[in-house]
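The values are calculated or read from the model by the stated rules, or taken from the named source; none is laboratory data. Because the structure is predicted, anything quoted here is derived from the model rather than measured. Glycine gets a Cβ as well: all are built from the backbone with ideal geometry, and neighbour counts include every protein chain shown. Quick note on the areas: whole protein, heavy atoms, side chains included, nothing else; ligands and nucleic acids left out. Shrake-Rupley method; radii C 1.70, N 1.55, O 1.52, S 1.80 Å.
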Amino acid sequence: DADLNIALKGWFLQWRSFFEYKATKRFRLQAGIDAIYGGFDSDLTVPILPPLGDPEPPQFNPITVDFTLGGPLLSVAPYILADWEIVKGLRLLPGFRASIDRYAGRVNMSADPRMSLRWEFIKNWTLKVMGGMAHQPPAAFQTYEPLGDPDIPPVRGMQASLGFEWRPAKGWEISIEGFYNHISRIARPSNSFDTSDGGLNRVLWKADVLGRAYGLELLVRKRFGGRFYGWLSYTLSRAERLYPPDDWTLFGSDQTHILNFAGSVKLGAGWTLGARFTLTSGNPYRPVLMAQYDADRDRYTPIFSSTDARLATFHRLDVRLDKRWRFNTW
C-alpha cells in the first residue's frame, strides 16, 4: 500500500577481552567481558489502533500515523570459566556469565550459570554431560514505545545435554548426543487491557509463551591435518511452542531432519577441493482451506486446516576449488 512505509536502519559495536591463567597442570581459568553497544532507528507509517474500548471500525481506508521508533542498546557481560581435571580422565568445566542489558531506558540483569563434565571412562571413550541457563534480550521492536513494552523481560532458556564421544583413530571423532532446551518468557502480541492501577491501559505484549526443543545429534569429524578434513552431522529434533490457553504445538521453524556435510581434500600442487551440502525438512505450516469475506473490513479472513503440512525438503550444494602459490620468501 502506498500509504504504508517501514524504513529501518541500525548499527552496533562489539568488544571482547579475556585473559587465561594456568594455575597448575590440571587447572586453568579464563575470565573476560563481552560488550555490545548499538542502536536502531525506524521511520514508520502504519495504521493506528482503535481507541481503547471502541469496536474496530470498518477499514476500507485505514487511518495511518507517522512516528519514529528506536534508541540505544547496550549489553555488558562479564564471565568466568574454569577447566579442572580432578583426576586423570575426569574434567569439570564450570562457568558463570552475568549479563547487564539496557534497552528502552530500562536495565535488566540476568545470571547464566553452567556446568559441563567430561569423563574418559575407557580409553578413547568420553562421557559428556552439560547443564546451564541462558538469557537473551527481546527483539527491539517489542520493547520500544509506542509499539513495544519496556517491561518485557529477557527470554530464558534452560539447557541440558548428555552424550558420548569416541575417537576410533588419530584425528577422527564420532559423537552422539541428546539435548533438551526449555524456553520461557517468550513475548507474543496481545490486545488485552490492564486495569490494575485504576485506569484502562492497553497491553500490547505478553511474555507468557513457553517453548521446548529436544532431539539427538550424530557428528562424525576428521580434524585438520593430513590430506582430508571435514565433518558430517545429522540431527533429529522437534521444536514446539505453547501459546496460552492452547496446548503444545509445532514451532514455525521446526525441522525434523537436518543433515550437514562439509569437507576438503588436498589434491596436491597447492590445489584444494571443498564441498558443503545441506539437507533439511521443510518448515511446518497450516494450509488455508477456504476464506470468509468480512464486509466491515473489505477483506477475506482465511480458515486454516486443523492439521499441519510441511514445505518441500530443502537441499543445497556448494563446491569450491582453491589454488595456493607459495614462494621462498612470501
Residue selected from the stretch 2-35 under the condition among the β-branched types (Val, Ile, Thr) and at pLDDT below 95, by the criterion surrounded by the fewest Cβ atoms within 10 Å (Cβ to Cβ): THR24
Could you please find all residues in the stretch 125-151 being at pLDDT 90 or above and hydrophobic (A, V, I, L, M, F, W, C)? TRP125, LEU127, VAL129, MET130, MET133, ALA134
Considering every residue within the stretch 283-292, establish whether at least one is open to solvent by less than 90 Å² (accessible area, probe 1.4 Å) and closer than 20 Å to GLY211 by Cα. yes
Residue, most open to solvent (accessible area, probe 1.4 Å), within the stretch 101-113, restricted to residues that are free of Cβ contacts under 8 Å to residues at least 40 places away in the same chain and closer than 30 Å to GLY70 by Cβ: MET109
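Is it the case, given these coordinates, that ILE186 is over 22 Å from GLN255 (Cα atoms), surrounded by 14 or more Cβ atoms within 10 Å (Cβ to Cβ) and touching a residue at least 12 places away in the same chain (Cβ under 8 Å)? Working first, answer last.
Working: over 22 Å from GLN255 (Cα atoms): no; surrounded by 14 or more Cβ atoms within 10 Å (Cβ to Cβ): yes; touching a residue at least 12 places away in the same chain (Cβ under 8 Å): yes.
The answer is no for ILE186.
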Residues of the stretch 114-136 satisfying the condition of being open to solvent by 50 Å² or more (accessible area, probe 1.4 Å) and within 21 Å of the chain's Cα centre (by Cα): ARG114, MET115, MET130, MET133, GLN136
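Looking only at the stretch 259-274, which residues are more than 21 Å from the chain's Cα centre (by Cα), in a strand (DSSP E or B) and of a type outside the set (Phe, Trp, Tyr)?
Correct list: ALA262, GLY263, SER264, VAL265, LYS266, LEU267, GLY268, THR272, LEU273, GLY274.
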Can you work out which of the residues in the stretch 151-165 that are within 21 Å of the chain's Cα centre (by Cα) and open to solvent by less than 30 Å² (accessible area, probe 1.4 Å) is farthest from ILE186 (Cα to Cα)? SER161
The one condition ARG320 fails out of (1) of a type outside the set (A, V, I, L, M); (2) part of a strand (DSSP E or B); (3) under 22 Å from the mean Cα position of the chain (by Cα); (4) more than 26 Å from PRO168 (Cα to Cα) is (3)
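Consider ALA98 carefully, then state whether it is farther than 24 Å from TYR214 by Cβ, touching an Asp or Glu at 6+ places or on another chain (Cβ under 9 Å) and open to solvent by less than 60 Å² (accessible area, probe 1.4 Å). Full working, then the answer.
On the way: farther than 24 Å from TYR214 by Cβ: yes; touching an Asp or Glu at 6+ places or on another chain (Cβ under 9 Å): yes; open to solvent by less than 60 Å² (accessible area, probe 1.4 Å): yes.
Considered against the rule, which asks whether it is farther than 24 Å from TYR214 by Cβ, touching an Asp or Glu at 6+ places or on another chain (Cβ under 9 Å) and open to solvent by less than 60 Å² (accessible area, probe 1.4 Å), ALA98 comes out as yes.
Specify the residue that is modelled with the lowest pLDDT; the eligible residues are those in the stretch 43-95 that are assigned to a loop (DSSP other than H, G, I, E, B) and surrounded by 13 or more Cβ atoms within 10 Å (Cβ to Cβ).
Across the stretch 43-95, the extreme among qualifying residues is GLN59.
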Out of all the residues in the stretch 197-207, is one or more open to solvent by less than 30 Å² (accessible area, probe 1.4 Å) and touching a residue at least 60 places away in the same chain (Cβ under 8 Å)? no
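Going by the structure shown, is LEU317 modelled with pLDDT of 95 or more, among the aliphatic types (A, V, I, L, M), on the phi < 0 side of the Ramachandran plot and open to solvent by less than 100 Å² (accessible area, probe 1.4 Å)?
On the way: modelled with pLDDT of 95 or more: yes; among the aliphatic types (A, V, I, L, M): yes; on the phi < 0 side of the Ramachandran plot: yes; open to solvent by less than 100 Å² (accessible area, probe 1.4 Å): no.
The answer is no for LEU317.
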Taking the residues in the stretch 1-41 that are among the basic types (Lys, Arg) and assigned to a strand (DSSP E or B) as candidates, determine which candidate is farthest from the chain's Cα centre (by Cα). LYS22
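Looking only at the stretch 216-232, how many residues end up being farther than 17 Å from ARG167 by Cβ and surrounded by fewer than 17 Cβ atoms within 10 Å (Cβ to Cβ)?
Step one: list which residues in the stretch 216-232 are farther than 17 Å from ARG167 by Cβ, which gives 216-217, 227.
Retained after the next criterion (residues that are surrounded by fewer than 17 Cβ atoms within 10 Å (Cβ to Cβ)): 216, 227.
Of the residues in that region, 2 qualify.
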